[in-house]
Amino acid sequence: MFTAIDFKDGKLCIIDQTKLPVVQEIVEIDNAKDCYDAIKKLKVRGAPAIGVAAGYGVVLSAQANSALGIDEFKKAVSKDIEYLASSRPTAVNLFWALDRMKKLLDRQTDTASAVVNLKKEADAIREEDEKTCRAIGENGLKVLKDGMTILTHCNTGMLATSKYGTALAAVYVGQEKGINIKVYADETRPLLQGSRLTAFELLSMGVDVTLITDNMAAMVMKSGVIDACIVGCDRVAANGDVANKIGTYGVALLAKAHNIPFYVAGPLSTFDLDTKTGDDIPIEQRGREEIISGFGKQTAPSDVKVYNPAFDVTPHELITALITEKGVITAPYEENIRKAFGK
C-alpha cells in the first residue's frame, strides 16, 4: 500500500500528488509555511490527509520555535496554527486537527515538553486515522458485496488518508478478505483526481478499475453495470448534507434517477455538528487558471469569465446512507448523527 503521508527525521514526508501519475516523488517539508503551501496547492489532499498534514505542520512550527520561552513559544506556534487553518476552508478535518493541537498547546508549561507532546499528538491523529479508515472499510462491506461494481468520484483512497481511504476503504479491505469489487472512476474535472490518482492507485493495487469522464456517468448508470455509488466527504452538516468534490451532487442526482444506492463514506471527524445544513458550509473558490490552462495547455480564451468552486453540496435526501467508523448511519440523519456522537 502507498504511504502518502509520514513524518521522519523531523520532517513531514508526502507524495507530491500534483505530479502523479507520471512521477511518484516524495517531498520533505521542514517548516509550517511549506506545509501550508503543500495543502493549498494540493500536493497533499483528501480531508483526512489534510488533517494529518496540518497536525504535523504544527509540529514543524514547534521544532522551529523550540529555543523560545514557553510564552513566546505558544504565541509563535498559535500564529502558525491560524496560518495553517487558512489554507483551505471547506474540509473540516483541517480545523478539527488544528483545534486538537491548539488545545494541547494551551496546556503546556515548558517548551521542551511541548515539542515532544505535540509530536505525540500528531502521531496519534495519524494512527487514529489509519484505524478509522480500516473500520470504515469494514462497515462499507456491510452494504457492498463480492462481485459488485461501484462508481466513485474524486479520490478517496490511500492517497487521501493515512491508509485504506474512506470511500475506497471497502474495496481495499475487501481485497484483503478475498472480496472483489470493481470500480468505475469518474475523471473528476477540472483537476482530474479520478484519473490521476484513483485510477493510478487502484490499478497499482490490482483492482479492476475502468476510467470514465464525468459526463459519461449517466450513460454508464443507464447501462446497468453500476450496483452502487460511493464517495467521500469533506464536511457533513448536522442534517446529513454533504460537501464533497465538485460534481458529487450531479452523481447523486444521476444515481437517484437510475434507482442506484448512493453512499457517502467518511470519519466522524468530518462531521460538523455546528454547521446546521449544507447551505452553511463555506465553499472554496479556486483560481481560474485551473480551468483555462489546468495542465499547461490553454483550452479556453484568456479573458473568459470563470467560475471554479472546488466543492458542491449533496442534500441528505439523495443519500442512501453515511458509512463511518462507528457504523452505517441512515435517515433520519439529524437524529442518528447525534446518536453516533452520543448526543
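Condition first: without any contact (Cβ under 8 Å) to a residue 60 or more places away in the chain, under 19 Å from the mean Cα position of the chain (by Cα) and buried (at least 16 other Cβ atoms within 10 Å of the Cβ). Can you find one or more residues in region 290-306 that meet it?
Among the residues of region 290-306, not one is without any contact (Cβ under 8 Å) to a residue 60 or more places away in the chain, under 19 Å from the mean Cα position of the chain (by Cα) and buried (at least 16 other Cβ atoms within 10 Å of the Cβ), which makes the answer no.
Restricting attention to region 3-38, which residues are loosely packed, with under 15 Cβ neighbours inside 10 Å and part of a loop (DSSP other than H, G, I, E, B)? Full working, then the answer.
Keep residues of region 3-38 that are loosely packed, with under 15 Cβ neighbours inside 10 Å, which gives 3, 8-10, 19, 22-26, 28, 30, 37.
Those that are loosely packed, with under 15 Cβ neighbours inside 10 Å and part of a loop (DSSP other than H, G, I, E, B): THR3, ASP9, GLY10, LYS19, VAL22, VAL23, GLN24, GLU25, ASP30.
Which of the residues belonging to region 248-260 are part of a loop (DSSP other than H, G, I, E, B) and in contact with a helix residue (DSSP H, G or I) (Cβ under 7 Å, 6 or more places away or on another chain)? Explain how you work it out, then say what you get.
Narrowing region 248-260 to residues part of a loop (DSSP other than H, G, I, E, B): 258-260.
Those that are part of a loop (DSSP other than H, G, I, E, B) and in contact with a helix residue (DSSP H, G or I) (Cβ under 7 Å, 6 or more places away or on another chain): HIS258, ILE260.
Of the residues LYS102, LYS163, which single one is in the same structural domain as ILE260 (by TED's automatic domain parsing), within 19 Å of ILE50 (Cβ to Cβ) and among the basic types (Lys, Arg)?
Working: LYS102 fails: in the same structural domain as ILE260 (by TED's automatic domain parsing).
The unique qualifying residue is LYS163.
Please specify each residue of region 12-42 satisfying the condition of being free of Cβ contacts under 8 Å to residues at least 24 places away in the same chain and more than 14 Å from LEU84 (Cα to Cα).
CYS13, LYS19, VAL22, VAL23, GLN24, GLU25, ILE26, VAL27, GLU28, listed by residue number.
Could you list, in sequence order, the residues of region 39-61 that are assigned to a loop (DSSP other than H, G, I, E, B) and crowded, with 24+ Cβ neighbours inside 10 Å?
Of all residues in region 39-61, those assigned to a loop (DSSP other than H, G, I, E, B) come to 41-46.
VAL44, ARG45, GLY46, listed by residue number.
Look through region 309-343, keep the residues that are polar (S, T, N, Q) and crowded, with 16+ Cβ neighbours inside 10 Å, and return whichever of them is nearest to ALA237 (Cα to Cα).
THR314
Can you say whether GLY137 is surrounded by fewer than 17 Cβ atoms within 10 Å (Cβ to Cβ) and either without any contact (Cβ under 8 Å) to a residue 40 or more places away in the chain or farther than 30 Å from ILE212 by Cα (or both), as far as the supplied structure shows? Before you say what the answer is, go through the steps one by one.
Details: surrounded by fewer than 17 Cβ atoms within 10 Å (Cβ to Cβ): no; either without any contact (Cβ under 8 Å) to a residue 40 or more places away in the chain or farther than 30 Å from ILE212 by Cα (or both): yes.
So GLY137 fails the test.
Which of the residues belonging to region 193-247 are under 13 Å from ASN155 (Cβ atoms), among the charged types (D, E, K, R) and not in a loop (DSSP other than H, G, I, E, B)?
Hits for region 193-247 are ARG196, GLU201, LYS245.
Just to check your reading of the model, which residue among LEU144, LEU168 is over 30 Å from GLN285 (Cβ atoms) and either in the same structural domain as ALA310 (by TED's automatic domain parsing) or not charged (D, E, K, R) (or both)? Show your work before the answer.
Values: LEU168 fails: over 30 Å from GLN285 (Cβ atoms).
Exactly one of LEU144, LEU168 is over 30 Å from GLN285 (Cβ atoms) and either in the same structural domain as ALA310 (by TED's automatic domain parsing) or not charged (D, E, K, R) (or both), namely LEU144.
Scan the strands (runs of 3 or more DSSP E) fully inside region 276-343 and keep the ones with 1 or more residues being over 16 Å from ALA252 (Cβ atoms), of a type in the set (Ser, Thr, Tyr) and in the same structural domain as LEU192 (by TED's automatic domain parsing).
Values: elements: 311-314, 321-324, 327-329.
The qualifying strands (runs of 3 or more DSSP E) are 321-324.
Check every one of the helices (runs of 4 or more DSSP H) wholly within region 62-154 and list those with 1 or more residues that are within 30 Å of ILE181 (Cβ to Cβ) and modelled with pLDDT under 95. Steps first, please.
Working: elements: 70-85, 92-106, 111-140.
Helices (runs of 4 or more DSSP H) meeting the threshold: 92-106.
Going through region 76-119 one residue at a time, which ones are of a type in the set (Asp, Glu) and surrounded by fewer than 16 Cβ atoms within 10 Å (Cβ to Cβ)? Before the answer, list the steps.
Narrowing region 76-119 to residues of a type in the set (Asp, Glu): 80, 82, 99, 106, 110.
Once the filter is applied, which keeps residues that are of a type in the set (Asp, Glu) and surrounded by fewer than 16 Cβ atoms within 10 Å (Cβ to Cβ), region 76-119 yields GLU82, ASP99, ASP106, ASP110.
The values are calculated or read from the model by the stated rules, or taken from the named source; none is laboratory data. These numbers were taken from a predicted model, which means no experiment stands behind them. No Cβ is skipped: glycine too gets one built from the backbone with ideal geometry, and neighbour counts run over all protein chains shown.
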